[in-house]
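For reference, the structure is listed below as structure tokens.
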Amino acid sequence: MTFSIVAYDIKDEAWGVAVASKFPAVGAIVPWAQAGAGAIATQAYANVSYGSQGLNLLRQGMSADAVLARLTSADPGRETRQIGIVDRTGRPATFTGKECMYWAGGLTGAGYAIQGNILSSADVVYSMEGAFLRTDGDLATRLHAALMAGDRAGGDKRGRQSAAILIVKARGGYGGYTDRLFDYRVDDDPDPVVKLGELIYLHRLYFGKSPETERVQLTGVHLHTIQKIMARLGYLQTPPSGVYDEPTRQAFRAFTGNENFEERCDPAAGWVDAPVYDYILRKFGK
């Protein structure tokens, strides 16, 4: 009761799954991925073991087609299953059992597999493919564009409830300690694909990187604006002076730390990434 896309970004060496459904917490069931191995979506009357078993086979170097054959041949309930796979080199495979509920089906192309069941029509998967292929940007941008296109083409014909995105890349997680570059779920929402897009935006805001040319130095009008905001919020106990002095530095450190922007500024050097500065003005500048 789900539509999904599984894909590989050869340039960024990233694998990902995006999924939506009229089913609570679909992200807890469908998406599976591991950097250097591949990605899997297991759905319909999902055999969740396809996820862990399939990744284990992909880690051994098996192709997506071979993994698909291994998983389904050993499953007496395979005709009720649906699965999409991309392997470590981006080779795709998709399978829709004969007992999946109408409309059900999938398609593949270079580096992606798209599939869905109980869809409003086949237009859902074709719309997803078109959006994925024509959208520029990183894998998260393209996966979400595909999911949005499928949703707006009718998606799950029963309605909307949850959505998720999982993208893995070697050392892509926080601090480089895991491979989970994106791992976001909307478990119960009237418009979950839109909400998922908001979470992707926040991820980029908190963890993105700007080049040095896009840093905002806290001088002049920029500094005075930030000082006024911090004074109004109670971080700065002295009137805005236009000088980046020690009280301002300490206030800025506390403010950005509370807002979780420590990855995108340097209080000691007195700068903040431009997207964060713009966000602060939109949120607190009134």
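The values are calculated or read from the model by the stated rules, or taken from the named source; none is laboratory data. Here the structure is a predicted model, which means the values were calculated and not measured. Counting neighbours? That spans all protein chains shown, and the Cβs are built from the backbone with ideal geometry, glycine included. Accessible surface is based on the protein model in full, side chains and every heavy atom, while ligands, DNA and RNA are left aside. Shrake-Rupley method; radii C 1.70, N 1.55, O 1.52, S 1.80 Å.
Scanning the range 49-93 for residues that are open to solvent by 40 Å² or more (accessible area, probe 1.4 Å) and touching a Ser or Thr at 6+ places or on another chain (Cβ under 6 Å) turns up Arg78, Arg91. For the range 126-155, the set of residues classified as in contact with a strand residue (DSSP E or B) (Cβ under 6 Å, 6 or more places away or on another chain), under 15 Å from Ala20 (Cα atoms) and of a type in the set (A, V, I, L, M) consists of Met128, Ala140, Leu143, Ala146, Leu147, listed by residue number. Number of residues in the range 162-175 that are within 17 Å of the chain's Cα centre (by Cα) and either among the polar types (S, T, N, Q) or open to solvent by less than 60 Å² (accessible area, probe 1.4 Å) (or both) equals 9. Residue count for the range 191-225 under the criterion of being aliphatic (A, V, I, L, M) and touching an Asp or Glu at 6+ places or on another chain (Cβ under 7 Å): the result is 1. Scanning the range 9-40 for residues that are aliphatic (A, V, I, L, M) and buried (at least 22 other Cβ atoms within 10 Å of the Cβ) yields Ala14, Val17, Ala18, Val19, Ala20, Val26, Val30, Ala33, Ala37, Ala39, Ile40.
Here is a list: Leu205, Leu236. Which entry is outside any helix (DSSP H, G or I) and at negative phi? Going through Leu205, Leu236 in turn, the sole match is Leu236.
A count restricted to the range 166-224 and to residues that are over 30 Å from Tyr244 (Cβ atoms), acidic (Asp, Glu) and in contact with a helix residue (DSSP H, G or I) (Cβ under 6 Å, 6 or more places away or on another chain) stands at 1. Within the range 63-81, is there a residue that is under 29 Å from Lys195 (Cβ atoms) and in a helix (DSSP H, G or I)? Looking through the range 63-81, none of the residues is under 29 Å from Lys195 (Cβ atoms) and in a helix (DSSP H, G or I).
The C-beta contact set for the range 193-208 (first residue closer than 18 Å to Val17 by Cα and open to solvent by less than 20 Å² (accessible area, probe 1.4 Å), second residue of a type in the set (Val, Ile, Thr) and modelled with pLDDT under 95, distance under 9 angstrom, 6+ apart or interchain) is empty.
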